[in-house]
1. Using 0.36 nm times the number of residues separating I201 and L60, minus their current alpha carbon distance, what extension gain do you get?
2. Check the straight Cα-Cα distances from K34 and name the aspartates and glutamates below 19 Å, setting aside those fewer than 8 residues away within the same chain.
3. Among the listed pairs K87/K286; K80/K295; K46/K171; K82/K171; K163/K270, give every one whose C-alpha distance is greater than 28 Å.
4. Report, in deg cm²/dmol and to the nearest 500, the calculated mean residue ellipticity at 222 nm for the chain, where each DSSP H run with n ≥ 4 adds -39500 (n - 2.57) and the sum is divided by the residue count.
5. What shape does the chain have by the C-alpha gyration tensor, where a ≥ b ≥ c are the square roots of the eigenvalues, rounded means a/c under 1.5, and otherwise prolate means a/b greater than b/c and oblate the rest?
6. Set Lys and Arg Cβ to +1 and Asp and Glu Cβ to -1, take the dipole of the chain about its Cα centre, and tell me which of Q109, T192, F119 lies farthest positive.
7. Which cross-chain or sequence-distant (5 or more) residues have an amide H under 5 Å from the amide H of S262, H modelled 1.01 Å from N in plane?
8. Distance in nm between label sites at H168 and L156, each 7 Å beyond Cα in the beta-carbon direction?
Amino acid sequence: MATNDSIGILSSAYLAVEFLDSFLPQNPLQQPFKDAWNYMLNNYTKYQIATWGSFLFHELAYVLICLPGFVFQFIPFMQKYKIQPDKPETWEKQWKCFKTLVFNHFCIQLPMILGAYYFTEYFNIPYDWESMPRWYMLLAQCFGCAVIEDAWHYFLHRLLHHKSLYKHIHKVHHEFVAPFGMQAEYAHPLETIILGAGFFIGIVTFCNHMILLWAWVICRLLETVDVHSGYDIPLNPLHLVPFYGGARFHDFHHMNFIGNYSSTFTWWDKLFGTDSHYNSYRAKVKQQEFVKEKKME
């Protein structure tokens, strides 16, 4: 009975959103996107789209999402938003990071992405425009993927901090005490596989169209580059996401090495108390700011 009620509630919610969506003005970008999508389907095979298309999409998205943070280091105005201003990026660090990224992307991530075609074929995942989910369903699926990935990341990331494993794998990612955007995927090859597996669990769970793979790539890159950016920008739309940790939350993990193990949300750290060091640190910082303001009055 409870199951039927839940299904009824979800169906009613879906119909309500469908009804409201019918009154919204037509998105002017929908037709160009539809034309581009159909052009892609007519000129490339499913294998090319799922494999090389996905890889190129990931590379382009990664570069574009990392670009603002890279430019910030040359803008004096943005330095007031840098979380660790005493540790600026250097060309040496960025070049080292870039070389490792190239290796990981081509030698580790590309072979993993090559499996996307066989996944879509085995589960009969459609590619056509008519089967593409509506924007709100796609958004809900990406949120579901984020919840699953976050749980996977918390427990596996915390395991990688165990003293018997840390120096062999996760220490590579922590070479940068003050992270920057491009460093988001700088990691030991084994870590890329272990933590990267969490990305695909949501896809296996929710995927009902090829577009989800690319939409989830965008969402995951936006999140991971943001938390590694080293900048806490006030007008950040990601801060509107409930329980979102953000750059300060993860930056402290690189600074402290212990606690704040989640990738996106804060609830696992709150539940297990692994954010206690961070909470104490933030309370201390706020107290220092309060004392400083009082002295200036």
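1. Values: separation 141, 0.36 × 141 = 50.76 nm, distance 2.30 nm.
Computed gain between I201 and L60 is 48.5 nm.
2. Answer for K34, where 19 Å is the Cα cut-off: D21, D128, E130, listed by chain and number.
3. Working: K87/K286 21 Å; K80/K295 21 Å; K46/K171 39 Å; K82/K171 23 Å; K163/K270 22 Å.
Pairs exceeding 28 Å: K46/K171.
4. On the way: 13 runs with 182 residues, N = 297.
Value at 222 nm, helices only, nearest 500: -20000 deg cm²/dmol.
5. Values: a/c = 1.68, a/b = 1.43, b/c = 1.17.
In terms of gyration-tensor shape, prolate.
6. Value: T192.
7. Under 5 Å from the amide H of S262 lie the amide H atoms of D269, each far enough along the sequence or on another chain.
8. If labels sit at H168 and L156, their model points lie 1.7 nm apart.
All of the numbers you see were taken from the coordinates with simple rules; none came from a lab. Just so you know, these numbers come straight off a predicted model, no measurement behind them. Every residue, glycine among them, receives a Cβ derived from its backbone with ideal geometry; neighbour counts consider all protein chains shown.
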